[in-house]
Structure formats: C-alpha cells, structure tokens
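Written below as structure tokens is the structure these notes are about.
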Amino acid sequence: MSFTSRLKSLLGIEIKAAPSLADASGFYFDLFGASPTLAGVTVTPYSAMTCAPVACAVRSISEPAGSLPLHIYKRLPDGGKEKATDHPLYKVLHDAPNSFAPAALFRTQLMADALLQPHGAFAQIIRVDDGKAAELIRLDPRTTPVAVDDSEIEPTYKVNGREIAGADLIHIPSPAYDQRKGLVGEGRNVIALALVMERAASTLFGNSAKPGGLLSTEAQTPDAIAKVAAAWKAAHGGDKSGGVAILPKGTTWEQLTFSSVDSQFLEMRTYAVAEIARLFRVPLHMLMQVDRAQPRSIEAIGQEFLSQALLPRLRSFEQELELKLLTPEERDQYCIEFDVDGFARADLATRAQAANNLVSARVTNPNEARRMFFDDLPAYQGGEVFENFNTSSAHAGGKLNSTNEQEAA
C-alpha cells in the first residue's frame with residue numbers, strides 16, 4: 001500500500017476504483033452521454049423525439065398539461081375551495097410565468113423535459129425582495145443544463161458551475177426509476193428498436209418497396225460486368241423501376257420475393273409501438289393505434305388516459321409547485337391544482353342529464369351546474385337557491401320553502 005493510500009485510509013477517505021473499459025455497467029457510456037443499445041444506435045432525448053411513437057406519447061401527456069387550466073384555490077372552512085384570483089401567484093401560474101412565455105407553452109415544455117431528460121425538468125424561481133416568487137424561467141437542458149448531485153439525502157444543484165438552492169428551483173422529476181438515466185435512458189433499447197425499424201422502412205420504400213434482384217450476365221471481365229450493372233441502374237433504378245426491361249444478350253433478371261421475415265415487418269412495427277406505449281404508460285389508442293379487442297366509449301377512453309398516464313404526472317407537478325412556491329403557512333390555506341373536469345367531458349345529452357339530476361337532488365344549485373357542465377356559463381339571478389324546480393313542493397312558494405306565517409295562513 002502506498003503512502004498516499006495509507007494516509008487516505010487513516011483519514012477515513014473512501015477509495016473507489018474506476019471501472020475498466022471492459023466493464024459492462026455502462027459507466028463510461030453514461031459519462032460521455034452515449035448509451036449503447038442492442039440495436040446499434042445511440043438514443044438521446046432528442047433522437048428519441050424523431051421516433052413518431054415516442055413523440056406522440058410525450059405530446060399526449062405534455063400538451064394536456066399545458067392546455068388544462070391551473071388554479072390556486074383557497075380552502076374554505078366547510079371543506080370546499082374557491083379560486084384565489086387575488087393571490088399574487090395566480091397570474092404567474094394561470095396566465096404567464098414570465099414576460100416572454102405564456103403559461104400553456106411553459107407547462108408543455110416543462111412536462112416534456114420531465115418525460116425525456118435525465119433527472120426531469122427544471123425551472124428557476126425569480127424572487128422579489130420579500131422572497132415571493134415573481135417569475136418562473138424554464139431552464140433549457142440544451143443551453144442551461146442543471147447538474148444534480150444526489151449522493152446526499154438532499155440533492156444539490158449547479159447551473160453553469162454555480163450552486164443554486166433547491167428552494168429556488170422547480171424540479172419535476174422523471175418518472176424513471178433511475179433518475180440519472182431518465183425514462184429515455186431506461187427504455188433506450190425499446191426506442192432503438194423502433195428507430196431501426198423506421199429506418200428500415202424508409203430504406204425499403206426508398207427502393208420502391210421492392211427487394212433487390214439477381215442480374216445474371218455472360219460477361220466475364222469486371223469492366224463488362226460493371227457496365228451491365230450501371231446500365232441496369234440507370235434504366236430501372238429508384239423511381240424508374242417498373243418499366244419494361246431491355247436486357248443485353250446473355251443477361252437475365254431474377255426477382256427476389258419477400259421472405260417470411262419480411263412478411264412479419266408490419267407486425268414487428270406494431271409490437272414496437274406497443275412497447276413504447278408501455279414505457280410511457282400511455283394507452284395504445286393515444287398513439288393512434290386502435291385496439292379493436294376492447295370497444296369502449298369516448299368517456300371511458302378519456303378517463304383511462306387521465307387516471308393511468310396524465311394524473312400521476314399532474315399530481316407531481318402540483319405538489320412541487322406547492323412545496324416551492326407556497327410557504328408552510330400558505331399551504332394550510334391554499335392549494336395548487338389542475339382543472340381536469342373538462343378532459344373526460346361527456347357529450348351534451350349526458351352532461352344535461354347529470355346537471356338535471358344534481359340540481360333536482362339539491363346537491364348543486366343551477367348556477368353551480370352551469371359552471372360545472374356548460375363551460376362556465378354566467379350565473380343568473382335566483383340561481384343560487386338549492387331547490388328542485390321539477391316538483392311544486394320544493395319550488396319557491398311550495399311547501400318545503402314556505403314560512404311559518406304562510407303555513408298559518
């Protein structure tokens with residue numbers, strides 16, 4: 001043992017040997033940002049988005065996150081809640097987080113980062129003198145990457161080499177089990193398979209969707225063979241294929257047919273799309289691949305996507321905003337939530353029936369039903385009364401609403 005090693009041992013400094021180049025753990029590949037795949041292609045968050053099923057899965061989650069309304073609610077003593085439009089953060093979250101990005105674009109990009117990037121998405125909180133959040137700035141991973149050290153219980157963050165407090169960063173974590181790899185890193189082999197098959201399909205159709213054939217000639221010298229091949233490609237290659245072939249004397253053409261492997265190409269592409277749907281936990285129909293085995297209503301399909309794919313990501317988003325933007329005292333009084341009621345909205349007839357049932361049962365009043373089921377229709381005078389308009393006893397002036405003086409009369 002060397003003197004340096006002994007000194008480190010006495011001081012309690014842990015010594016770890018770096019993995020060798022033959023190590024299969026992928027240490028050096030992760031270090032230099034080139035994760036290997038069994039298909040032989042490198043998969044990054046940006047190359048993954050060139051794969052149509054991945055792009056569709058990411059947008060299926062990120063775009064609703066941007067389009068759904070985000071509100072700050074004030075908790076009421078009776079257990080209910082109301083929009084806190086007078087809260088300083090309401091316009092930051094609902095309208096625009098800063099002076100150059102609308103709220104919908106900001107949340108869409110942040111959710112896409114969370115699904116694609118290692119460690120997820122980051123946004124810096126710009127605070128004013130009293131510590132209140134005034135702006136939110138998305139940190140683009142291409143231009144402003146965030147280095148995360150999660151070796152301790154509480155992670156530390158560095159931006160451009162400068163350490164930044166975790167309380168000043170919105171961090172939407174990746175849904176991956178290994179945060180250092182992210183969802184794309186964990187599923188790189190699945191994505192690589194789809195990328196390779198897309199390239200194979202492009203090459204196939206680039207050659208007029210026909211496999212190569214065998215051109216036989218009686219020519220003996222290499223120059224003569226090369227001339228026959230060049231003449232064939234010039235007359236029948238690429239977009240010129242399909243015409244009548246005129247062959248020199250002693251030359252024959254044999255067309256090759258699809259093999260059993262070629263005939264399974266479409267099934268393999270379908271399987272690759274299903275694998276990506278499993279990776280992002282997005283229902284297969286959201287990737288534009290219809291599953292005819294289980295016919296369901298539009299409402300059921302929307303509810304399935306909401307509960308399985310979208311809601312877990314939205315809850316993570318909401319709780320991070322509450323933790324970093326609200327003080328402990330404010331968290332007892334306010335909450336930040338996405339309004340998902342309209343996402344799985346039923347058709348007009350179903351909504352009208354539900355509104356009628358709730359008003360008749362006096363669960364909601366007419367004005368509340370108008371806001372809930374009919375795109376925030378304005379209230380009308382007298383619509384705050386909880387009564388059943390379908391029965392005379394509950395209607396205004398009826399038995400259930402009569403005063404003692406009226407009964408006595």
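The values are calculated or read from the model by the stated rules, or taken from the named source; none is laboratory data. All of these numbers come straight from a predicted model, not from anything done at the bench. Backbone-built Cβ (ideal geometry, glycine too); neighbour counts: all protein chains shown. To get the accessible areas, we keep the full protein, side chains included, count just its heavy atoms, and leave off ligands, DNA and RNA. Shrake-Rupley method; radii C 1.70, N 1.55, O 1.52, S 1.80 Å.
With r as the distance between the Cβ atoms of Ile126 and Phe386 and R0 = 35 Å, compute the FRET efficiency 1/(1 + (r/R0)^6) and round to 0.05.
Numbers: r = 45 Å, r/R0 = 1.29.
For Phe386 and Ile126, the calculated efficiency is 0.20.
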Open item on the list: Under the rule a/c < 1.5 gives rounded, and otherwise a/b versus b/c splits prolate from oblate, where does the range 103-156 land using the Cα gyration tensor?
Closed with: oblate
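What full-extension length gain, to one decimal in nm, is calculated for Lys233 and Leu284 as 0.36 nm per residue of separation minus the Cα-Cα distance?
Working: separation 51, 0.36 × 51 = 18.36 nm, distance 4.22 nm.
Length difference between fully extended and current span is 14.1 nm.
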- [ ] Report Arg315's accessible area, 1.4 Å probe, all protein chains in place, as a number in Å² to the nearest 10.
- [x] 100
Open item on the list: Suppose R0 equals 56 Å. What FRET efficiency, 1/(1 + (r/R0)^6) with r the Cβ-Cβ distance, do His94 and Thr50 give to the nearest 0.05?
Closed with: 0.95
Task: In nm, spacing of pseudo-spin labels at Thr327 and Ala361 (7 Å Cα→C-beta vector) - done: 4.2
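If packing is taken as the average number of other Cβ atoms within 10 Å across a peptide's residues, how do 122-135, 178-191 rank, most packed first? Please list the in-between numbers first.
On the way: 122-135: 15.1, 178-191: 20.6.
Result, highest mean Cβ count within 10 Å first: 178-191, 122-135.
How high is the FRET efficiency from Glu267 to Ile153, r the C-beta distance, R0 35 Å, rounded to 0.05? Don't skip to the end; give the middle numbers.
On the way: r = 48 Å, r/R0 = 1.36.
After rounding to 0.05, the efficiency reads 0.15.
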TODO: Under 1.5 on a/c is rounded, so check that first for the range 49-101, then, if it is not, pick prolate when a/b is larger than b/c and oblate when it is not; a ≥ b ≥ c are the square roots of the alpha carbon gyration tensor eigenvalues.
DONE: oblate
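Given the Cα-Cα distance of Gln319 and Leu348 and 0.36 nm per residue of separation, how much length would full extension add, in nm?
Details: separation 29, 0.36 × 29 = 10.44 nm, distance 3.31 nm.
Taking 0.36 nm per residue and subtracting the Cα distance, the gain is 7.1 nm.
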